[in-house]
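Below is one structure, written out as structure tokens; the observations come after it.
The values are calculated or read from the model by the stated rules, or taken from the named source; none is laboratory data. Note that the coordinates shown come from a computational prediction; the quantities given were computed from them, not determined experimentally. Note that we place each Cβ from the backbone using ideal geometry, even for glycine, and neighbour counts take in every protein chain shown. Calculation scope for accessible area: heavy atoms of the full protein, side chains included, ligands and nucleic acids excluded. Shrake-Rupley method; radii C 1.70, N 1.55, O 1.52, S 1.80 Å.
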Amino acid sequence: MCGIVGYIGKAGATTVLINGLRRLEYRGYDSAGVAIIDDDRIVISKSPGKVARLNDKTHADWDPTVFQRAIAGIAHTRWATHGPPTEVNAHPHLDQSGDVALVHNGIIENYRALRARLEGLGHHFYSETDTEVLAHLIGECNKGDLFQAVCDALHQVSGTFGIAVLSANEPDRIITARRGSPIVIGVGDGETIIASDSSAIVAHTQRVIYLDDNDIAIVTADSVEIRDLNNVPVTREIAELNLDAAAAEKGGYDHFMLKEIHEQPDTLSNTIRGRLDFDLGSSVLAGMGTSPRELAELNRVVLLGCGTSLHAGLVGEYAFEDLADIHAEVQQAAEFRYRNPILGSRDLVVAISQSGETADTLAAVREANQKGAFVMSLCNVVGSTIARETGRGVYLHAGPEISVASTKAFTSQVAVLIMMALKLGRGRRYSREDGIKLGREIESIPTLVARVLRQDEHIAKIATTYANNEHAFFIGRGPMYPVALEGALKLKEISYIHAEGYHAAELKHGPIALLENGTPIIALAVDIPGKDKTLGNIEECRARGARILGIVTEGDHETAECMDDFITIPSCHPLVATIPAVVALQLFAYHVARIRGCEIDQPRNLAKSVTVE
Ligand code: M6R
């Protein structure tokens, strides 16, 4: 949520900062800004809207030599929390003197009290943001040592922050700190880059340092010195990113979302490769760090997540119950710590998060750790906060997911959850022979997905029939129920069509009242147990005038004939089928949104990773 870039090193800092923002724009895109030091003063440019607009404005407003010669600066792309997305509310914010500039991710919870106190001391504020208050507080604390001023100010704030601070009086350094909002520092050759995630760094260096909560760093062109907020030095290792800069490009596709949908045969291969053991009929997930005995003694599996990751957890619930005969439940991460979760050492808690930074999931992980549960994570972003705090778990290896709508992360999450359930199942009731059979099915997932992707044009044609509707309902049963939820989420977030997912049986308990002539029902009528019941539910909808788009199994002509339109997926195990089925719905949502002329990669009001509660 919001993107931070800081740069110090060589001439051309402004371009580096703006290019970095472009790579982080998926984190927030309602306004943007940049501050550099020129001629011993801070020069700022800010704009509502996207980074491209900021770039145009900065080029128009700044003398080209100023633009090019700067060697240090900070920049920000915003997802508004305090105050609307206007130029004045955009970051960077200045202190009272105008000599200190700050960019900030997170929320300063006590900003009202701090603002009142600072106003009492004669400070004037221009924006509605909590960030401007922190900038003034740093300025107020600044007695000629920026590092100490930032430390003193941060001692007075409650809430979360990832920050970068620039001072015209100390042009050779940037101060950066974190609590609850990630900061990564890229260690280059005569240049250092600060960012809220590594996608802004990878074009410069693969060598990074992840700050921990309450770390504060003095960053110069060729050094990084880290201390805690009490000024005690701390050591953080340099890690290698192993990221391909090209992975964060569109690669010829019109949108990141389409690219990421089409990448899935590859990303799923990367997720699955080396993780199946056909001798044992099981899976190899070393990162889980569990002994067979620990697995056998587990009482329960609790899956935590938000949004798409929550839906993956729902598929996981079916997988654990089905394959491992173990009680499994999904909990919405935001609610978890506000209940009284009953947890012990024989409860396995799996936190699912693409970004590994979602604030609610992170807080749920902390709650589960505190209660002594056996906690692990399933993240895509290597080195993310959730991955590091859980210490054990499984990485997806799906590569950077840039589109705000999550696609390839979901399918990899589901693939890993099925493999986890298989591993647990083999220690309990699942036979080696069944394990080998399921392993073969898991191995074939990339091919199954490729068969759905071949229907891209057909799905685009179908989308024209549904693109003018304002409501849609997705229905499914068993493991196809979470797929219905995910299909509805994809459609609503990128096309702005009001879409709801329901268990197929639930429709007649109320929502069926909304059906009119032509209301779309997208039915997961795949040939798995329960299909006949779903077909009955489809007829109830048709009788009320609904138009039915079915996801059906290849060769199941009888079912296909019940539909107004249909997309096929190959015949496979019911759990495995969730993956090709969701890919069909991802393509459907994409084409509907495209026909409607929506901003597919950056839908309104959203941000890629939600780092505030
Ligand atoms: O990074 P996470 O997986 O923790 O993110 C969770 C949700 O914010 C995310 O899945 C969101 O629902 C996506 N926009 C869905 O496409």
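A few notes on this one:
- One residue alone among 4, 36, 42 is within 21 Å of residue 100 (Cβ to Cβ), modelled with pLDDT of 95 or more and open to solvent by 10 Å² or more (accessible area, probe 1.4 Å), and that residue is 42.
- Among (1) open to solvent by less than 10 Å² (accessible area, probe 1.4 Å); (2) closer than 19 Å to residue 185 by Cα; (3) part of a loop (DSSP other than H, G, I, E, B) - the single one residue 89 does not satisfy: (2)
- Where strands (runs of 3 or more DSSP E) sit wholly within the range 299-390, those with at least 2 residues that are open to solvent by less than 10 Å² (accessible area, probe 1.4 Å) occupy 300-305, 347-353, 374-379.
- Contact map, the range 192-212: first residue within 18 Å of residue 400 (Cβ to Cβ), second residue modelled with pLDDT of 90 or more and among the acidic types (Asp, Glu), Cβ cut-off under 6 Å, separation 6 or more or different chains; pairs are 206/240.
- Looking only at the range 151-197, and only at residues there that are open to solvent by 10 Å² or more (accessible area, probe 1.4 Å) and part of a strand (DSSP E or B), the one that is farthest from residue 386 (Cα to Cα): 187
- Entry remark, the range 405-423: residues being open to solvent by less than 10 Å² (accessible area, probe 1.4 Å) and within 16 Å of the ligand (Cβ to nearest atom) number 12 in total.
- Residues of the range 239-248 that turn out to be open to solvent by less than 80 Å² (accessible area, probe 1.4 Å) and either among the hydroxyl-bearing types (Ser, Thr, Tyr) or in a loop (DSSP other than H, G, I, E, B) (or both), as a count: 2
- Residue in the range 217-228 that is of a type in the set (D, E, K, R), surrounded by fewer than 20 Cβ atoms within 10 Å (Cβ to Cβ), in the same structural domain as residue 26 (by TED's automatic domain parsing) and in a loop (DSSP other than H, G, I, E, B) present: yes
- Verdict on residue 94 being farther than 21 Å from residue 213 by Cβ and open to solvent by 10 Å² or more (accessible area, probe 1.4 Å): yes
- Residue match in the range 98-105 (condition: buried (at least 23 other Cβ atoms within 10 Å of the Cβ) and modelled with pLDDT under 95): yes
- Any chance residue 582 is touching a helix residue (DSSP H, G or I) at 6+ places or on another chain (Cβ under 9 Å), outside the structural domain of residue 306 (by TED's automatic domain parsing) and within 16 Å of the ligand (Cβ to nearest atom): yes
- Selected residue (criterion: least open to solvent (accessible area, probe 1.4 Å)) from residues of the range 110-150 that are small (Gly, Ala, Ser) and touching a strand residue (DSSP E or B) at 6+ places or on another chain (Cβ under 6 Å): 135
- Residue count for the range 313-366 satisfying the condition of being within 16 Å of the ligand (Cβ to nearest atom) and of a type in the set (D, E, K, R): 5.
- Filter result for residue 512 (open to solvent by less than 20 Å² (accessible area, probe 1.4 Å) and either within 16 Å of the ligand (Cβ to nearest atom) or in contact (Cβ under 8 Å) with a residue 24 or more places away in the chain (or both)): no
- Any hit, the range 562-583, residues being surrounded by fewer than 21 Cβ atoms within 10 Å (Cβ to Cβ) and at pLDDT below 95: yes
- Members of the range 533-576 found to be over 27 Å from residue 450 (Cα atoms) and among the charged types (D, E, K, R), listed by number: 533, 539, 540, 542, 544, 547
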